[in-house]
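Below: the structure, in structure tokens.
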Amino acid sequence: MFVTFRYIVLTAVRDRLVLGLSLALLGAVLVAAFLGGATVMEGRDTALTFAGFSTRLILIAGLILFVCFHIQRSFENREIDLMLSRPVSRTQFVLITWAGFSGVAVFLTLVAVIVLPIAGMPPPGALALWAASLLMEALVMVAAALFFSLSLRSAVASVMASFGFYLVARMEGFMLGIVQSDWSATAANALGDVVSQAIYIVGLVMPRLDLFGQTWWLSYGDSEGGALVPLLAQTGVYLPLLLAAAVFDFRRRRF
Amino acid sequence: MGVSPGNLAFLAVVLTAQVLVGYGLLDRRASQMVLTPPPSHEVALASALGDGEFFFRKGVLELTNIGVTGGTLVPMKELDYADLTGWFSLLDTFDPRSMAVPYLAAYWYGFTPNRPDSRYVIDYLLARAEIDPLQGWRWRVQAMFFAKHRLGDLDLALEIAENLAARDDPEAPFWVKHMPAFMLEGMGEREAALILLAGIMESKPDMADDERQILIDAIERLTEETSGETK
């Protein structure tokens, strides 16, 4: 099993994913530092916000692309058939593959944490909170991309599905805000009861990724307290759900 | 198979064509920032993928540079101040701890040549003061100044001054108690502004460098204008 883990990590290095994404993260932080310097006041907070936002997007997009294209290539090269010919169950295969991609995510999160202070030094504890949140978001998205790529086979389709999933998950607050707001009656009239109910159901099924990686933590720290608790709960529930769905689908597949 | 002369010639032709097209498009502005009505809080949050602080910082950066980007210059007097102060209020909901927005309102957009527009800024500053227990007195002082010297509404200025004097804001310096008398004095606009700005700086010795610099710039600008008029 460790061989599969090592293989994925080596692939990430061989494909220059680690080097490319590290440089992209560094570039994003430098641009953020420049933008922070261009503001009239609160330049450090501005730079940290832009750096936090852009590094998160780069990290998630890079991981999604890597996972989806890696799995497609493994299907095409029959590497997956080869791996499954060894004494490894399909459940073990899915879990160790996710662990391999997660190893890459952990490393790239560390890179983000190392380069982020170039934009400005966050308050004590804020960087750790943001990094923990970013890592949890990355682990969830790695699992989602793995699920889609194992289910859909086509790299383009799985990339599109993963990005769609991420966008909807990050806009959950917006959609729930519409149907829960003071003008929800107006919204219900405009959208129709069916659509409003559908948004509620989507809100129940999708993870609340909009709560993750809030860049205001980098400026003020966790001033409201307990920011990590809902994120741990969400990750603790959704990660097993995605992995279980991936295992379920992969076990039904014929080779 | 190598590269044939035909390939190279075709590459040179299309590259030349691109340079010509690029030259023809040089005058076309890539984007022109226009002050639009502010979106709802939910839409703003969605546009930043759930990261309200990013929307806030991006909004502050855009408001700082509004009217001077995209190769155009839009004078301050041509801005729609109802939309502008709508943006101020919207941005404040995303980060009420930041001072960037009230600073922009108090020390930049409040000095619009179209004086009736300062009414929007006064209303914004008074609303902001209500949710800012520590720095609220500063925004009230500035609103009072705009009411008297930009809007020419002494009744409103006195009302704000009396409200300011009657409050016991923990961070407010003692001199805010004298604001009603200050408003009744027949002092010139720039002289009054200089006194207020200097008073704010003296009452906050721990002020951040960038904040202090904004006030120093404002004092220098007003001093230069005053000396220019004297000559």
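Laboratory data are not the source of any read-out in this text; all were calculated from the coordinates shown. Computed from a predicted model, the values in this text were never measured in an experiment. Because the Cβ atoms are built from the backbone with ideal geometry, glycine has one as well, and the counts that use them run over all protein chains shown.
Considering only B:Val21, B:Val60, B:Val43, the Gaussian network model of chain B with Cα springs below 10 Å gives its largest mean-square fluctuation to B:Val21. Under the shape rule built on the C-alpha gyration tensor, where the axes satisfy a ≥ b ≥ c, region A:2-252 is oblate, since a/c reaches at least 1.5 while a/b does not exceed b/c. With the cut-off at 27 Å, tell me which of the pairs B:Lys58/B:Lys148; B:Lys77/B:Lys148; B:Lys77/B:Lys177; B:Lys177/B:Lys204 have Cα atoms farther apart than that. Violating the 27 Å limit, Cα to Cα: B:Lys58/B:Lys148; B:Lys77/B:Lys177. Using a Gaussian network model of chain B in which every pair of alpha carbons under 10 angstrom is joined by a spring, one finds that among B:Ala143, B:Ala192, B:Ala17 the greatest mean-square fluctuation is at B:Ala17. Short-range pairs are left out: with C-alpha atoms under 8 Å and at least six residues apart, the relative contact order of chain A is 26 percent. Full extension of the segment from B:Met76 to B:His41, taken as 0.36 nm per residue of separation minus the current Cα-Cα distance, would add 10.0 nm.
Once the Cα-Cα distance is subtracted from the 0.36 nm per residue extended length, the A:Phe34 to A:Asp15 segment shows a gain of 3.8 nm.
Across peptide A:208-217, the average count of Cβ atoms from other chains found within 10 Å of a residue's Cβ is 4. When only the Cβ of Lys, Arg, Asp and Glu is charged (+1, +1, -1, -1), the dipole of region A:1-140 relative to its Cα centre reaches about 360 debye.
Treating each Cα of the protein assembly as shown as one equal point scatterer and applying the Debye formula with no solvent, the log10 of I(q)/I(0) at q = 0.07, 0.08, 0.11 Å⁻¹ comes out as -0.52, -0.65, -1.03. At R0 = 56 Å, how high is the FRET efficiency between B:Thr64 and B:Ser4 if r is their beta carbon distance? Nearest 0.05 is fine. So the FRET efficiency works out to roughly 0.55. Taking GluC sites (Glu not before Pro) as exposed when DSSP calls them loop and at most 13 other C-beta atoms lie within 10 angstrom, chain B has its longest site-free stretch at B:1-170.
Here the spin labels are modelled as points 7 Å beyond Cα on the Cα-Cβ line, and at B:Ile219 and B:Arg97 they lie 2.9 nm apart.
Estimated from the Cβ-Cβ distance and a Förster radius of 25 angstrom, the FRET efficiency linking A:Ser154 and A:Arg252 is about 0.90. The mean sequence separation of alpha-carbon pairs under 8 Å and at least six residues apart, normalised by the residue count of region B:38-230, gives a relative contact order of 13 percent. Distance between the modelled labels on A:Tyr200 and B:Ala181, one decimal in nanometres: 6.3 nm (7 Å Cα→Cβ projection).
A Förster radius of 22 Å, combined with the Cβ-Cβ distance separating B:Ala208 from B:Arg115, puts the computed FRET efficiency at roughly 0.10.
For chain A, the longest piece that avoids every one of the trypsin sites (Lys or Arg not before Pro) found in DSSP loops with at most 14 other C-beta atoms within 10 Å covers A:154-252.
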